[in-house]
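S.K.: Okay, here's the structure, questions in a sec.
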Amino acid sequence: MSNVMKWRKLGKIISPGAINRSWMVTHAMDPTVDHLDGSIFRIYFCGRNHINQSLIGFADIDIEKPNKILNTPEKPVLGLGSLGAFDDNGVTASCILKVRDRRYLYYIGWKPRSTTRFGLMTGLAISDDGGNTFHRHSRAPILKLTDQEPYSILTAPFVLREKSIWKMWYVSCEGWLHADLPRYNIKLATSKNGLDWTQDGTICLDFKNENETALARPCVVKEHGIYRMWLSYKTRSKGYRMGYAESSDGIVWERLDDEVGIDVSETGWDSEMIEYPYVFSYKKQKYMFYNGNEYGKLGAGLAILDQDKF
């Protein structure tokens, strides 16, 4: 079998203009997938209100008939943090896990410009009602600034639970080229409970060259004893594109971007950039939710894997 995957795009599934909710005037950014029951899936994402603040809501779909939205909440399931907190100007879903009868939603908290464009830190919210509402585990971020990671971008977490160890791959700022352009790669943190995390600054995926400025929103699947990561990457001259990497231990990764099998379209809502993948399976079939132009401003699309590399 060819080493190149083949994704077939099924079109844009979530369109902000088609859903009349005050929390999503624009955007369906960072789609984050939760399996509810049978063929029904809940897609958490960040919509933006009339003053461009990010809020977390969801859309329920039947994956066998994905073009119809079955349900969306009247209010966001997670709103802004308290004034002065790390998430007082926006929240964005990034990863969700079922933990016994609860759901852990790892999310991104936004702070507006001070001396740099923004600050993005990782938070955790927990649901006790099946994902209809969430409360914050802590008003503080669950990842911390350290001497090795002093910049306020520790974000876009993806978490896998493996027996007694939890692994989190996250985006970490390596520095700012100027006040509007951070440079960030992907690192690894570990935990024994999903709440308290150990960071040692381990770099998992680094830049290919000096032209690359961002590795973003990792999504990790483990199968056949191999960790497989879908991600986004960006250069100084080109918007986001999809990337792919593999690892035998989750720590040392090999970039295999040429094998990802999905790119921008010739025209339309994902013709300029394609990013923020979330890969999941249903009946042994892989699917990918993703964003397109303007960081998901126009919505979120779905693709199906017609040919895997394995």
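S.K.: Scan the range 54-73 for residues that are assigned to a loop (DSSP other than H, G, I, E, B) and in contact with a strand residue (DSSP E or B) (Cβ under 6 Å, 6 or more places away or on another chain) and jot them down. Write out each step before concluding.
M.R.: So in the range 54-73, the residues assigned to a loop (DSSP other than H, G, I, E, B) come out as 63-64, 72-73.
Passing the criteria: I63, T72, P73.
S.K.: Let me ask you something else. Tell me, yes or no, whether the range 47-67 has at least one residue that is without any contact (Cβ under 8 Å) to a residue 40 or more places away in the chain, small (G, A, S) and in contact with a helix residue (DSSP H, G or I) (Cβ under 7 Å, 6 or more places away or on another chain).
M.R.: yes
Condition check ((1) of a type outside the set (D, E, K, R); (2) in contact with a strand residue (DSSP E or B) (Cβ under 9 Å, 6 or more places away or on another chain); (3) more than 19 Å from D62 (Cα to Cα)) across all residues:
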| position | (1), (2), (3) |
| --- | --- |
| D257 | no, yes, yes |
| G268 | yes, yes, yes |
| K284 | no, no, no |
| M288 | yes, yes, no |
| K297 | no, yes, yes |
| Q307 | yes, yes, yes |
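S.K.: So if I check each of G261, G194, G225, which one is closer than 27 Å to K144 by Cβ and small (G, A, S)?
M.R.: The match here is G194.
S.K.: For a quick check of your reading: which strands (runs of 3 or more DSSP E) sit entirely within the range 1-53 and have at least 2 residues that are within 20 Å of G90 (Cα to Cα)?
M.R.: Strands (runs of 3 or more DSSP E) meeting the threshold: 26-37, 40-48.
S.K.: Could we say that E294 is part of a strand (DSSP E or B) and either surrounded by fewer than 20 Cβ atoms within 10 Å (Cβ to Cβ) or at pLDDT 95 or above (or both) here?
M.R.: no
S.K.: Look at A140 and say whether it is more than 17 Å from R103 (Cα to Cα), aliphatic (A, V, I, L, M) and assigned to a loop (DSSP other than H, G, I, E, B).
M.R.: yes
For (1) surrounded by fewer than 22 Cβ atoms within 10 Å (Cβ to Cβ); (2) touching a residue at least 60 places away in the same chain (Cβ under 8 Å); (3) within 25 Å of Y244 (Cβ to Cβ), each residue gets a yes or a no:
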site	(1), (2), (3)
S94	no, yes, yes
L105	no, yes, no
D128	yes, no, no
L160	yes, yes, yes
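S.K.: Which of the strands (runs of 3 or more DSSP E) found entirely inside the range 198-271 contain at least 1 residues meeting this: among the aromatic types (F, W, Y), surrounded by 14 or more Cβ atoms within 10 Å (Cβ to Cβ) and touching a helix residue (DSSP H, G or I) at 6+ places or on another chain (Cβ under 9 Å)?
M.R.: The strands (runs of 3 or more DSSP E) meeting that bar are 226-235, 241-247.
The values are calculated or read from the model by the stated rules, or taken from the named source; none is laboratory data. This one's a predicted model, so the numbers in the text were calculated from it and none came from an experiment. Reconstructed Cβ throughout: ideal geometry from the backbone, glycine too, with neighbour counts over all protein chains shown.
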